[in-house]
Amino acid sequence: MPDISLTTVVVLCVAALAAGWVDAVVGGGGLLLLPALLLGLPNSAAAGHALGTNKAVAIVGTTGAAVTYARKAPVDVRLATRIGVAALAGSTGGALLATGMSTEVLKPVVMVVLVAVGAFVIFRPSFGTAPAAVPASPRRILAAIGFAGLGIGFYDGLIGPGTGTFLVLALTAILHLDLVTASATAKIVNCCTNAGALAMFAWKGQVYWQLAGLMAVFNLAGGMVGAHTALKRGAGFVRVVLLTVVCALVVKMAYEQWVA
């Protein structure tokens, strides 16, 4: 447990609660959780400890949200697991590549993609508001495994921010899922990628387990409440949260690229 004040611990727990809610609804909880850890941990702590502790917290909330969704939403757990295994492989490859190259050149490209995605969702009000009329074809399933699994998993290992949001968008577009079902499926995929990353950080001893355990309780509560909220309020509500998170991602990346 790092030497931090009680006030900082409380703030970190509140951030974990809010991050769990956002992540369960549409992904992007890391926008709150990771910066909070980077600011709250002492300067002597390595960045790897913030990343490792973040994963240890996030996997609990993501798992809780996934279980909540699986019980009440029409989720194809088998398909989600197949995509998750591909995402785990992609994330590992991305993390390996990230050790030998700068990812700064990719951030402007990601920002452009996010702006395009935001515009698409705004001008297509029906996007993700209705469930698929027919089951996804084998070709669409393979595309989901390749793009949402390997592709976005690779992005998660290489850069990271917004992975959950990208998964929701990709699953909605490729498999023609409604946004609630896509969010549910994305949680199962996220469980796979988080597990792989956490195993690596734990192996390197870069997790503050006591702090992570305390924050995980709040993250779990936020994740389960967020899943219940999405199920109750429906795709229209998820669409509003999605646009909010996309805008936050663009602002964050733009700040890091040109201001920080």
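Things to note:
- Based on DSSP H segments of at least four residues, each scored -39500 (n - 2.57), the chain has a per-residue ellipticity at 222 nm of -25500 deg cm²/dmol.
- Of 34, 211, 198, the residue with the greatest mean-square motion in the GNM of the chain, using alpha carbon springs below 10 Å, is 211.
- Segment residue 137..residue 10, full-extension length gain: 40.9 nm, with 0.36 nm per residue of separation and the alpha-carbon distance subtracted.
- The mean sequence distance of close C-alpha pairs (under 8 Å, at least 6 residues apart), as a share of the length of the chain, puts its relative contact order at 40 percent.
- Protection-proxy order for peptides 245-257, 176-188, 113-125, 213-225, each taking the mean of Cβ atoms within 10 Å per residue, highest first: 176-188, 213-225, 245-257, 113-125
- A 1.4 Å probe run over the chain, with the rest of the protein chains in place, finds 46 Å² accessible per residue.
- Element breakdown for the chain at a 1.4 angstrom probe: carbon and sulfur atoms account for 70% of the accessible area.
- Peptide packing: for 200-208, 5-13, the average count of neighbouring Cβ atoms within 10 Å per residue gives the ranking 200-208, 5-13, highest mean first.
- Between residue 209 and residue 254, the distance separating the two model label sites (each 7 Å from Cα on the Cα→Cβ line) works out to 4.4 nm.
- Acute angle (nearest 10 degrees) that the helix 6-26 long axis makes with the longest principal axis of the chain, alpha-carbon atoms: 10
- Taking Cα atoms only, the orientation of helix 209-233 departs from the longest principal axis of the chain by about 20 degrees.
- Taking each residue as 0.36 nm, the span from residue 115 to residue 81 lengthens on full extension beyond its C-alpha to C-alpha distance by 9.3 nm.
- Between the helical axis of 30-40 and the longest alpha-carbon principal axis of the chain there is an angle of about 0 degrees.
- Of the peptides 16-28, 141-153, the ranking by mean beta-carbon count within 10 Å, highest at the top, reads 16-28, 141-153.
The values are calculated or read from the model by the stated rules, or taken from the named source; none is laboratory data. Because the structure is predicted, anything quoted here is derived from the model rather than measured. Every residue, glycine among them, receives a Cβ derived from its backbone with ideal geometry; neighbour counts consider all protein chains shown. What goes into the accessible areas is simple: the full protein's heavy atoms, side chains included, and nothing from ligands, DNA or RNA. Shrake-Rupley method; radii C 1.70, N 1.55, O 1.52, S 1.80 Å.
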